Amino acid sequence: MADVLGSFEQAVLLAIVRLGRDAYGRAILKDVQARLERDVAAGAVHATLDRLERKKLVSSRLGAGTPIRDGRARRYYSVEAAGVRALHDARETLEHVWRGVTWPLKARS
Amino acid sequence: MNPNAQPPAWAAWVLASILPSRDRDAVPGDLLEEYRLDRLPALGKVWADLWFVGQVVRQVWRSTWFAIVPLAATLMLGDFHHALIDPYSPVFPENVFGTVVLAGFLLVGIVNGRRTGRVAGATLLTTGTWAGAWFLLGLWWAMTLYPFAPFMRESPYWIQAWHYKPNDLSFERWLLYDNIGAFVLGGAFGLSISTAAGVAGGLVGRALRARA
């Protein structure tokens, strides 16, 4: 079984999947903020990317800088095969847990 | 939007100092881009600067919380014991406590010197560890001053300390001044020790990184 992913890790990995070749730090941050509908610290995303890279779920390469960044390089991320497996497992686990439950749930009166 | 607007230079320098070399370009670049494209137009210069400083403080916290939390907890436990249980003898012998804290500062310095490859980064994070723990202790003192005071004024030790210099201060007011004095003096002492340990640890960490 692949690594068990936390929900924030899933959000970051899915942002990379959605962004494709444009997945760099700030773009991932904006995508995660939009999906979670809350302000997320840039450091939290950077720390998660660092952790995912150490787990070999994502890989990164440096790209060119832009004037708005004062020429500082962008680090672009892509999901590795292990990352895709981990996302599949996370989704399967969630579906398995929810199986047999009618949605929306009704509270007992 | 001003494409040349800069966040506070000191905060940018702190950020560059505490990051590992591989992130030293990309992470400040992401923050600068966010600062200029989103925060500055939405918040204005002052609040955008505060946002940037907040991001840097969070980075410092992320690199130091594992040392701040046990240090602050130890300081609070020691204070609780000193205030309410036995003011005559500390919960931890002072030489043991001092040695452990010094070793902890050196360790933080070495780890971060190795991680960042910079003595400045290691020193900043070591002093940040002290500042964070001392800030939490200050909050603890502020929160416990009035709840502890009724119990402390029953203790001969604290009554004697209160009357050491004859004046007409109430016990609570004297305790407040005593805490402020201890906060300033203890904070300055800890800051100097943590800075020295951070420099020493940072030099060792940087040398270890160069050898690896």
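As a summary of the residue check, residue A:90 satisfies the conditions (1) part of a helix (DSSP H, G or I); (2) under 11 Å from the mean Cα position of the chain (by Cα); (3) more than 10 Å from chain B (Cβ to nearest Cβ) except for the one numbered (2).
Suppose the filter is within 12 Å of the chain's Cα centre (by Cα) and without any contact (Cβ under 8 Å) to a residue 60 or more places away in the chain; does residue A:17 pass it? Don't jump to the end; show me each part of the working.
Values: within 12 Å of the chain's Cα centre (by Cα): yes; without any contact (Cβ under 8 Å) to a residue 60 or more places away in the chain: no.
No; evaluated as a whole, the condition is false for this residue.
In this structure, residue B:132 qualifies as more than 28 Å from residue B:211 (Cβ to Cβ) and assigned to a helix (DSSP H, G or I).
Listed here are the residues, each with its yes/no results for (1) under 17 Å from the mean Cα position of the chain (by Cα); (2) polar (S, T, N, Q); (3) away from chain B (no Cβ under 11 Å); (4) surrounded by fewer than 16 Cβ atoms within 10 Å (Cβ to Cβ).
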position: A:37; (1), (2), (3), (4): yes, no, yes, yes
position: A:42; (1), (2), (3), (4): yes, no, no, no
position: A:46; (1), (2), (3), (4): yes, no, no, no
position: A:56; (1), (2), (3), (4): yes, no, yes, yes
position: A:59; (1), (2), (3), (4): yes, yes, yes, yes
position: A:62; (1), (2), (3), (4): no, no, no, yes
position: A:71; (1), (2), (3), (4): no, no, no, yes
position: A:74; (1), (2), (3), (4): no, no, no, no
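Can you name every residue in segment A:52-91 that is of a type outside the set (A, V, I, L, M, F, W, C), within 28 Å of residue B:54 (Cα to Cα) and in contact with a Leu (Cβ under 9 Å, 6 or more places away or on another chain)? A:60, A:69, A:70, A:72, A:74, A:75, A:76, A:77 - these are the residues of segment A:52-91 that are of a type outside the set (A, V, I, L, M, F, W, C), within 28 Å of residue B:54 (Cα to Cα) and in contact with a Leu (Cβ under 9 Å, 6 or more places away or on another chain). Within segment B:98-121, residues that are buried (at least 17 other Cβ atoms within 10 Å of the Cβ) reach partners that are in a loop (DSSP other than H, G, I, E, B) and basic (Lys, Arg) with beta carbons closer than 9 Å, at six or more positions or on different chains, in the pairs B:112/B:118; B:116/B:24.
Just a yes or no: is a residue in segment A:14-35 at the interface with chain B (Cβ under 10 Å from one of its Cβ atoms), out of contact with any helix residue (DSSP H, G or I) (no Cβ under 6 Å at 6 or more places or on another chain) and not in a helix (DSSP H, G or I)? Yes, that holds for at least one residue. Per the conditions (1) surrounded by fewer than 20 Cβ atoms within 10 Å (Cβ to Cβ); (2) without any contact (Cβ under 8 Å) to a residue 12 or more places away in the chain, the sole criterion not satisfied by residue B:29 is (1). Count of segment B:3-39 residues, restricted to those that are within 21 Å of residue B:111 (Cα to Cα) and among the small types (Gly, Ala, Ser), is 3.
I need a count of the residues in segment A:63-84 that are part of a strand (DSSP E or B) and either modelled with pLDDT under 95 or polar (S, T, N, Q) (or both).
Summing the residues that are part of a strand (DSSP E or B) and either modelled with pLDDT under 95 or polar (S, T, N, Q) (or both) in segment A:63-84 gives 1.
Taking the numbered list (1) over 21 Å from residue B:12 (Cβ atoms); (2) within 13 Å of another protein chain (Cβ to nearest Cβ); (3) in a helix (DSSP H, G or I); (4) touching a helix residue (DSSP H, G or I) at 6+ places or on another chain (Cβ under 6 Å) in turn, residue A:51 passes all entries but (4).
The values are calculated or read from the model by the stated rules, or taken from the named source; none is laboratory data. All of these numbers come straight from a predicted model, not from anything done at the bench. Neighbour counts run over all protein chains shown; Cβ positions are idealised from the backbone, glycine included.
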